[in-house]
Amino acid sequence: MNTLSFGGRFAVIAVLSTVLTVALLATTAYRELVADFESVLTQRQQLEAQAYASRVNQRLQLRLDALGALASQLTDGEQLRPGPELDRIIRRQDTIAGYFDIGIVVFDHNSIAIAEDRHVPGRLGTFYGDRAHFQRAIATGQPHISRPIIGRTTGAVLLSFLYPIRNDQGDFLGLVTGGIDLHKTSLLPEPGKLYSDAVFKVLDTLHFTRVDQVEPDNLLPPLPDPGESALIDAALSGITSGVVTDEDGQRWIYATRHLERVGWLFLRAVPYERATAPAQASFTKFIAISLALLGIMTILVLIAARAASRPLEQMAARMRDMSDHTEDTARLKETGAPEIRSVARAFNRLMDEREAVDELKSQFLANVSHELRTPLTSINGSLKLLAAGKAGELPGNAEKLVSVALRNSEQLQRLITDLLDFNKAIAGQLAMAPEPVNVRDALEQACRNNRSYAQSHHVALELGDVPELRVTADPHRLRQILDNFISNACKFAPNGSRVTLRAKPAVDGLVRIIVSDRGKGVPDHFRPKLFQRFAQAEASTARAKAGTGLGLAICRELATLMQGEVGYYYRDGAHFWVALPVCNPALPEQATP
């Protein structure tokens, strides 16, 4: 963390916080999803069990209602019809007979079979009053369905449906019954195939047998002993739904529904994985979306961190600019966090104070320069008269001293002139008189005016390739720029080399005038300060002391006032250039190499 920037630390903290938040949310969400799916599956099993029990109950009731319709036909209003007539009536009930595969039997009030729709040896004349379901039907006088029983004559596991026969006065006359073989009948419908691995069981809670698994060799299969089947134990416990783990360690979601009229318990169960599988799928989708959002959030956090740290970087850049004496006076926006606003406000205040100091310095230099210019002009004129012998011939030593004084006064006058011009330029008070200027004529005149200066530095001044072009410029200020460029080139060009002046069209309707020498050029570290005032690349050398450090700064200001620009590049020597607007834009343009 110590090596990370402010923005990087902010991003790391934000991303880690987001990851932890997502992890906590994901864990909580997964638990809630599993709980929700468990609840949904439990309700679904309850609905399945209830729907199955309702279908079975409807089939039971349908058979009872059919027997009830038949019972009304077995009496003449006062008593049971005669036996042959009863046989004829019940044997003509093909629809009702289809509900009872064991057959339909009519019993008198003593519970003795007196008529049947199909012959079963030994059934007619048999007394059935000793059976519990007969006793209950007679005692209550209500239709009744027996529990699964073993038929005396058929030996099958069957259900017996009993419906009382009554006369018009409501007196009990007997019973009409029908039986179904649980092994052969369609009483139990096929359970819904909601899941292929679902478990469905029908339990007889009185005899503790499996109703749904009646087989010829196992008519009433008993339920497992307690402890052998956790699922059946949970169903018989009276808790109608829940989650149970079986003896193999597998978890089940179960639900039960009890059909009281026959004492059956319908058990429906599915593996617990049915709840966790969709939860895991939803959780995986949630994680994928979270990762995508985390990626987006990371980008946004990086952008936010960058936005938060940008003012600090700008402050650092401005401070570096201040230390490098650049002319950038832009202020920082006092926005953002309170700390950022406080630092920006302090920086802007520092910039105000710096500008005030610069303004005070400029005013001081301008005032001093203006006050020195008048007496210095008088001194310079007097020295020129002495040097010219107007006051008489001077002794040899006096002549040398006057020559040195005159040279130094002229240098001091140039410095004062540069200071005044620069202050006027940056204040926008320097007068400009732009007019069409022939580039070749301007360069030829610059060569003539500076040839003797070049010879004093042992370099040759020549005119290179200059096409016929005209620029819009102030001739005097253009000559001042060229004189500065030529002066610098002559001072830093190797002895015996050449300083070349040339021109060429540039882009954007400008003409570039270039002054080139064969010197070693400007050091790389000094290039950003090249056109700043009082800046000198060789401040410790005697050659640098010969200049004022204002020449190139004045060139930049003059070019700006003439809608142009200045620059520098190094290519087999130093190349200083000034670009000025072309006077005739119709001339063809060429790309600068």
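The numbers here are math on the coordinates, done by the rules we state, and not lab data. This structure is a prediction, so every number in the text was calculated from the model and none was measured. Every residue, glycine among them, receives a Cβ derived from its backbone with ideal geometry; neighbour counts consider all protein chains shown.
Here are a few things to note about the model shown:
- Amide hydrogen proximity for G103: with H placed 1.01 Å from N in the peptide plane, the residues at 5 or more positions away or on another chain lying under 5 Å are G179.
- Between the amide H of L188 and any residue lying 5 or more places away or on another chain, no distance stays under 5 Å, with hydrogens modeled in the peptide plane.
- In nm, spacing of pseudo-spin labels at A388 and D233 (7 Å Cα→C-beta vector): 13.3 nm
- Partner aspartates and glutamates for K384 [C-alpha distance under 17 Å; skip if fewer than 8 residues away on the same chain]: E393, E399, E410
- Derived from the Cα gyration tensor, the three semi-axes of the equivalent ellipsoid of segment 1-122 are 79, 11, 10 Å, largest first.
- Amide H contacts under 5 Å for A473, placed H, 5+ residues apart: E435, V437
- Shape category assigned to segment 72-181 from the gyration tensor of Cα positions, a/c cut at 1.5: oblate
- Applying 1/(1 + (r/R0)^6) with R0 = 22 Å to the Cβ-Cβ distance of R407 and D483 gives a FRET efficiency near 0.75.
- Couplings 3J(HN,Hα) of segment 101-111, computed from phi: 6, 7, x, 10, 10, 10, 10, 7, 5, 9, 6 Hz, in residue order, whole Hz [Karplus 6.51 cos²θ - 1.76 cosθ + 1.60, θ = phi - 60°; x for Gly and Pro].
- Volume of the convex hull of segment 430-500 (Cα atoms only), normalised per residue: 76 Å³.
- One Cα centroid belongs to segment 434-476, the other to segment 240-277; the line between them spans 106 Å.
- Separation in nanometres of the label points that stand 7 Å from Cα toward Cβ, at Q455 and R320: 4.9 nm
- Difference of contour (0.36 nm per residue) and Cα-Cα distance, I287 to E355: 18.8 nm
- Per-residue 3J(HN,Hα) values for segment 44-53, derived from phi via the Karplus relation 6.51 cos²θ - 1.76 cosθ + 1.60 with θ = phi - 60°, read 5, 5, 4, 5, 4, 5, 5, 5, 5, 4 Hz in sequence order (x marks Gly and Pro).
- The distance from the alpha carbon centre of segment 389-413 to that of segment 109-151 is 158 Å, rounded to a whole number.
- Residue by residue, segment 279-287 carries 3J(HN,Hα) couplings of 5, 5, 5, 5, 5, 4, 5, 4, 5 Hz when phi is fed to the Karplus relation 6.51 cos²θ - 1.76 cosθ + 1.60 (θ = phi - 60°); x denotes Gly or Pro.
- Taking 0.36 nm per residue of separation and subtracting the current Cα-Cα distance, fully stretching the chain between V19 and Q58 would add 8.4 nm.
- Gain upon complete extension [E399, R118; 0.36 nm per residue less C-alpha separation]: 84.7 nm
- Inter-part distance, segment 50-74 to segment 489-518, computed on C-alpha centroids, equals 117 Å.
- Calculated on alpha-carbon atoms, Rg and Dmax of segment 432-581 in Å: 14.5, 42
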